[in-house]
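To start, the structure itself, in structure tokens.
A short reminder: the numbers here are calculations on the coordinates, not readings from a lab. None of these values were measured; they are calculated from a predicted model. Please note: Cβ atoms are built from the backbone with ideal geometry, for glycine as well, and neighbour counts cover all protein chains shown.
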Amino acid sequence: MRSLPLLRRRARLEAPTELPDGSGGMVPGWLPVADHWIALMPVSGQEAWEGARETATITHRILLRCPRTLRPRPDQRFVIDTRIFTIRAVFDRDGRGRFLTCLTEEGPHEP
């Protein structure tokens, strides 16, 4: 029998939105959607050069109980303290609707 995953970290799910800029216009921003208990697992990392600066892409797998509403989507992100995990793909872990797996990229990605 497979053991249940340990969902030990609290993460805030955020969705992209437009926020007022104070001058009558709008700017891209993020709106909190829901909080989830998750398991965070590093998957891989990659370093590259962009111009004269080195950048790193770290991908993670985030596992959470499958919510009945407000399911994560690829245009959203998870935030844990100061770390940002942009969702790239979401799928049902075992096809039974109990857990979702989100493949993410860590870093300050814009909406």
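R0 = 25 Å: FRET efficiency of Arg53 with Arg93, Cβ-based, nearest 0.05?
Efficiency computed from Cβ-Cβ geometry: 0.10.
Please list, in chain and number order, the residues 5+ apart from Cys66 or on another chain whose amide H is under 5 Å from its amide H, with Hs placed from the backbone.
Long-range HN contacts for Cys66: Phe99, Leu100.
Using label points projected 7 Å from each Cα along Cα→Cβ, tell me how many nm separate Asp35 and Arg8, to one decimal.
Here the answer is 1.9 nm between the modelled labels.
Once phi is turned into ³J(HN,Hα) by the Karplus curve 6.51 cos²θ - 1.76 cosθ + 1.60 with θ = phi - 60°, what whole-Hz value does each residue of the stretch 39-44 show in order, with x for glycine and proline?
10, 10, 10, x, 10, 7
For the chain, max minus min Cα coordinate along each principal axis, in Å, sorted largest first?
Sorted from largest, the Cα extents of the chain read 57, 36, 23 Å.
For the stretch 12-20, take each phi angle, set θ = phi - 60°, evaluate the Karplus expression 6.51 cos²θ - 1.76 cosθ + 1.60, and give the result in whole Hz per residue in order, putting x for glycine and proline.
Residue by residue, the stretch 12-20 yields 9, 8, 10, 10, x, 7, 10, 10, x Hz.
For the chain, set up a Gaussian network in which alpha carbons nearer than 10 Å are linked by springs, and say which option among Arg96, Arg12, Arg61 fluctuates the most.
Arg96
Can you compute 3J(HN,Hα) from phi for each residue in the stretch 66-77, using the Karplus curve 6.51 cos²θ - 1.76 cosθ + 1.60 with θ = phi - 60°, rounded to whole Hz and x for Gly and Pro?
5, x, 6, 10, 6, 5, x, 10, x, 8, 9, 8
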